[in-house]
Amino acid sequence: MSQPIIQAKNLDFYFKDFKALDQVNINVPQGSIYGFLGPNGAGKTTTIRILLDLFRASTGEISVFGKSLKTDRDEILGRVGALIENPSIYKHLSGRQNLEVVRRMAGVGKRRIDDVLEIVRLKDNADKKVKNYSLGMCQRLGLASALLTDPDLLILDEPTNGLDPSGIIEMRELIKTLNKDHDKTIFLSSHLLSEIEKVATDVAIIDQGKILYEGKLEGLKSGNDIQELRIELNDSTKALALIQGMNFTISDSNTHYIELPIESREDIARINKALVEEGIDIYQLKTSSENLESVFLNLTNRLDQ
Ligand code: ATP
């Protein structure tokens, strides 16, 4: 397998005393659409800012295109296009004029403007003032701007946020086309599982600053590694504290049962042993494979949707 386009190892990041990222590892395969999925406040934007060298991680290593972000920053960032929330766009200028501003700063040939307008399907509206654009058109203009330097890697932070259904479909199709026909590796963050599921080849789930899963989308869907364990017992109070103390996340419980995601059969044995040792009566232990939706919901349990 070829080297990942982005490889981040053990990233920690603090806002004062608050640990926003905790040992984050990321491996973005070449040619992938890498979905970075997590609820609001999970740490997606913070991670993206670190990947773009806008924030510095307190510990950890990042390499992009096989080079260190620390020592080869400018070369790396020259090959990356980014669309982060609320791109800075001059509303009183047209789409084309906005691109012209960026083009001059980036030192790119004039012809590239028509190319990127064509790619994002804004050619017909290029000379309209941006104040008359829909949000979807603004997002596509932001993307056009990120494409001016013809980057190998695109980093998109919640590109469908706030868009109406047709805007979401357009952005989704655009992302697929950029990946397939223009050979862009795409790192895409979202809090919407439905979005990631429709476009991503690879996925990472982040919650409370920790990566809970990274791998192929199918791997997560098949439930090969992650299963839901349901424990039926006479009184769950003591068992809940015990299981939480073992660092498992409870997805559901009442007085007679507890449900939680587990990653291996060994987890079942460990939990069973701990409960029995505490003298807790277990009536049934049951596992089930899940679909992506419930895996995600159970893992994060705090999705805003
Ligand atoms: P969203 O989609 O809501 O932006 P996110 O996954 O991108 O969510 P981040 O913006 O990376 O999350 O925030 C991660 C955590 O860090 C959150 O708990 C957030 O409240 C906190 N945080 C973000 N920016 C700051 C800041 N400037 N100062 C202090 N805490 C911050």
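Among the criteria (1) under 20 Å from Thr45 (Cβ atoms); (2) not in a helix (DSSP H, G or I), the one Cys138 does not fulfil is (2). Of everything listed in (1) under 13 Å from Gly209 (Cβ atoms); (2) surrounded by 13 or more Cβ atoms within 10 Å (Cβ to Cβ); (3) more than 12 Å from the ligand (Cβ to nearest atom), the single unmet condition for Ala20 is (3). Only one of the numbered conditions (1) of a type in the set (A, V, I, L, M); (2) modelled with pLDDT of 95 or more; (3) not assigned by TED's automatic domain parsing to the domain that holds Ile26 is violated by Ile243, and that is (2). Which of the residues spanning segment 87-107 are surrounded by 14 or more Cβ atoms within 10 Å (Cβ to Cβ) and more than 19 Å from Ile119 (Cβ to Cβ)? Matches in segment 87-107: Leu93 only. Note on segment 144-234: enclosed strands (runs of 3 or more DSSP E) holding 3 or more residues that are crowded, with 22+ Cβ neighbours inside 10 Å and touching a residue at least 60 places away in the same chain (Cβ under 8 Å) are 153-157, 185-190, 202-207.
Looking only at segment 1-17, count how many residues are within 11 Å of the ligand (Cβ to nearest atom) and surrounded by 19 or more Cβ atoms within 10 Å (Cβ to Cβ). Full working, then the answer.
Filtering segment 1-17 for residues within 11 Å of the ligand (Cβ to nearest atom) gives 13-17.
Filter once more, so that each one left must be surrounded by 19 or more Cβ atoms within 10 Å (Cβ to Cβ): 13.
Of the residues in that region, 1 qualify.
Might you check whether a residue that is among the small types (Gly, Ala, Ser), more than 16 Å from the ligand (Cβ to nearest atom) and at pLDDT below 95 occurs anywhere in segment 117-137? Checked against the condition, which is being among the small types (Gly, Ala, Ser), more than 16 Å from the ligand (Cβ to nearest atom) and at pLDDT below 95, segment 117-137 yields at least one hit. The set of residues from segment 23-46 being more than 10 Å from the ligand (Cβ to nearest atom) and either at negative phi or surrounded by 20 or more Cβ atoms within 10 Å (Cβ to Cβ) (or both) comprises Val24, Asn25, Ile26, Asn27, Val28, Pro29, Gln30, Ser32, Ile33, Tyr34, Gly35. If you go through segment 50-57 one residue at a time, do you hit one that is open to solvent by less than 30 Å² (accessible area, probe 1.4 Å), within 11 Å of the ligand (Cβ to nearest atom) and of a type outside the set (S, T, N, Q)? Yes, there is a match, as at least one residue in segment 50-57 is open to solvent by less than 30 Å² (accessible area, probe 1.4 Å), within 11 Å of the ligand (Cβ to nearest atom) and of a type outside the set (S, T, N, Q). Summed over segment 26-43, residues that are at pLDDT 95 or above and touching a Lys or Arg at 6+ places or on another chain (Cβ under 7 Å) total 1. Among the residues of segment 257-280, count how many are over 31 Å from the mean Cα position of the chain (by Cα) and part of a loop (DSSP other than H, G, I, E, B). Total satisfying the criteria: 3.
The values are calculated or read from the model by the stated rules, or taken from the named source; none is laboratory data. All values reported here derive from a predicted model rather than from experimental measurement. Methodologically, a virtual Cβ is constructed for each residue, glycine included, from the backbone with ideal geometry; neighbour enumeration extends over all protein chains shown. Heads up: the accessible areas ignore ligands, DNA and RNA and are worked out on the full protein's heavy atoms, side chains in. Shrake-Rupley method; radii C 1.70, N 1.55, O 1.52, S 1.80 Å.
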